[in-house]
Amino acid sequence: MSDFNVRTANLTAVNSLTKYPPIPTYHSLDPRNGGLLDETVAFAGRVLLTEKVDGCLPYTTRISMADGTRRILGSLRAGDEVLGVDESGSVIATPILQTFNNGKAETWMRIKGRRLGAGRGSAFFSVTCTPNHRFWSPDRSEYIPAEKMSVGDEVSLLRSELDLSPCQFSVLLGKLLGDGHLHRAASGSSAVVWGHRQPDAEYVAWTQRAIGDLASEAVRNLTSGYGSTIVSGRSTFHPCITEHFGDMTDSGEKRVPEWVADALDPIALAFWYMDDGSLMTSPDQEDRATFSTNGFNERDCAVLLRGLARLGVNGELMRDGRGYLTIRLNVTAAERLFLLVAPYVPPAMQRKLPERYRGHEGWLPPAGMRFKPPIVNQVIEEIEFDVEGVRSTRRDIETGTHNFFANGVLVHNSNGRIVSLPDGSYLIGSREELLYARGDLIGNPALGIVEALRPIADRLPPVDRDAIVVHYLEVYGGKVTAASKHYTDSRTVGARLFDVVVLDDYAELLDWPVERISSWRESAGQPFLAEPELLARAEAAGLPTVPRLGTVDAAELPTDLEKTHRLLAELLPATTVALDGTPGRAEGIVLRSETRSAIAKARFQDYERTLKRRRTGR
């Protein structure tokens, strides 16, 4: 008898556990331009070939990049980094995984409103899109197709001048003077990374709290070169970190620029002292303090001394017994230091304060009280339908967060899943979100997925053992995606089963942190059914599968780009799953070993784009 209860379960963990992992392309994607490379996914034995069954923006839509700039959507390539929103609601840098050119649109619409409290720039926002492109609705906490939105609804807008709060700036400055270092991404955005001993794990958490929504959830335990455990934390990658602190490293060496002398304040001083400071106590003497500055040269230390003096803390540069540079504070300077930093020192680090300054909880700005929040909700004041004069193709991108900012507005970039649970209930989800729970515990009709899958979920037999069973289906036609017109003329909706997972050890997995579940999932941890078991389950449930096009021996698979493209054309001159009307263009094929140990996709547009680029040299 299972103890699982959907009403009390951690649905965030269930969602992460049952998401479908990304399928690699058969020919590897070039991260520089989104084209295909000559390297292919390795298969062995017999390979099954099935049809790959599939909201867009204009070419000229401007996308918010990770380096703080905006670029035209049509100019973006796989590997570029844009700004997105992670599961915690933080704005982070996220890579573009794929780009899409979906051809001309039959209809466009435009969403408009005023920008209030969102920084400098235009007094209005405006986004032109296809009716099925999804926008984040903060009042409903879900992504809504544009055609489902109304005047008066809210959308989430990115502040025009993204910057660090004063507290975040001070904390990161203190960490970079102390144990932190700058890690710069190829996109130009940077993160600050630090690590402390296991006994000081609470100090790592204090630092994460101090930088608020800039903190990354990726806190890890590492092993130092001495064999001890180090708790590592970091900020998220952000273009403003590069802007403010990029000159604090030079050829891999930490440096102290001249501006630090004027920027040093009590909060920065507190985190620098907690990292690299020491309390000096001796019998019959007043307390003194030192800063270890052996990572800096004498010029850097001169800047630090000027910064300390500006705060009334007069130090002296000396060398210790090993010849390392150290800033020493006499009794008066140390007392001034303790007065300045004590309010920001948590109990875990109060050993560095004299006893008379200990015993308090430390102070930081209250959680959730964000200075100039990066995302500002705005009200839709006008919606135009059947917009004319848009001379553009439909474009879209897939990102690591599955969202991005188009003209400053947060939008989403569809397969579906039915999650059958041990207590006899079920969940219905899209690729990223849980949309519906039996009994209306969750209700979200996004993309028509719930409407299409609910009858199927109702007739699926309940799980016959203590396990979670997930059926992954392609939902197509209707108004589900921009490619729907290839499958239907009358907006009919269809669904085809393409994979099944059975999770017998779900109880243990649901106790893991979401980050660990995500890593397990992305590392092929989910136990997918092999082809015979998949077909047997589909037959028992009366579910049509994605079309089987045949099997080939792995040795017979083409590895040449042109030959692979010809194979696609031979196998699929048109889609084989049209619901009515004239069959349209197929998206491509999925290649999978019969044991499901290897899987890849091959899409027409990837090969056509790459071959055209190779022929024209562009």
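The values are calculated or read from the model by the stated rules, or taken from the named source; none is laboratory data. Being a predicted model, the structure only gives us computed values, none of them experimental. Note: ideal-geometry Cβ built from the backbone for every residue, glycine included; neighbour counts use all protein chains shown. Protein only, heavy atoms only, side chains kept; ligands, DNA and RNA dropped before computing areas. Shrake-Rupley method; radii C 1.70, N 1.55, O 1.52, S 1.80 Å.
When the residues R596, R566 are ordered by accessible surface, computed with a 1.4 Å probe over the protein chains alone, the sequence from largest down reads R566, R596.
Sorted on the mean count of surrounding Cβ atoms within 10 Å across their residues, most packed first, peptides 452-459, 357-364, 177-184, 416-423 read 416-423, 177-184, 452-459, 357-364. Rolling a 1.4 Å probe across all protein chains gives W259 an accessible area of roughly 70 Å².
Which order do K148, K112 take when ranked by solvent-accessible area (1.4 Å probe, heavy atoms of all protein chains), largest first?
K148, K112
Quick one: net charge of A185's neighbours, Cβ under 13 Å, K/R +1, D/E -1? Let's see the in-between values first.
On the way: positive: R184, R234; negative: D67, D80, E81.
So the environment of A185 carries a net charge of -1.
Each label was represented as a point 7 Å from its Cα along the Cα-to-Cβ direction; for A309 and K563 these points are 7.5 nm apart. In the context of the full set of protein chains, the range 303-366 has a per residue accessible area of 52 Å² (1.4 Å probe). The phi-based Karplus calculation (6.51 cos²θ - 1.76 cosθ + 1.60; θ = phi - 60°) puts the 3J(HN,Hα) values of the range 67-83 at 8, x, 8, 10, 10, 5, 3, x, 8, 7, 9, 4, x, 4, 10, 10, 8 Hz, whole numbers, x for Gly and Pro. Taking all protein chains together, V376, V500 sort by accessible area into V376, V500, largest first [probe 1.4 Å]. Among the protein heavy atoms of the range 521-587, carbon and sulfur supply 53% of the accessible surface, probe 1.4 Å, non-protein parts ignored.
Summarising the amide proton neighbourhood of A66: residues at separation of 5 or more, or on other chains, whose placed amide H is nearer than 5 Å comprise E81, V82, L83. Can you tally the net charge around V379? Count Lys and Arg as +1, Asp and Glu as -1, for every other residue whose Cβ sits under 11 Å from the Cβ of V379. After counting each charged neighbour, the total is -2. Computed 3J(HN,Hα) for the range 509-524, one whole-Hz value per residue from the Karplus formula 6.51 cos²θ - 1.76 cosθ + 1.60 where θ = phi - 60°, is 5, 5, 7, 6, x, 4, 4, 6, 4, 4, 5, 4, 5, 6, 9, 6, glycine and proline marked x. Over 30 Å between Cα atoms, which of K254/K352; K19/K52; K52/K112 qualify? Cα-Cα > 30 Å for K52/K112; rest within.
The solvent-accessible area of S189, taken with every protein chain present and a 1.4 Å probe, is close to 0 Å². Amide hydrogen proximity for G113: with H placed 1.01 Å from N in the peptide plane, the residues at 5 or more positions away or on another chain lying under 5 Å are F125, E381.
I'd like the FRET efficiency for V552 and E382, computed as 1/(1 + (r/R0)^6) with the beta carbon distance as r and R0 of 51 Å, rounded to 0.05.
0.40
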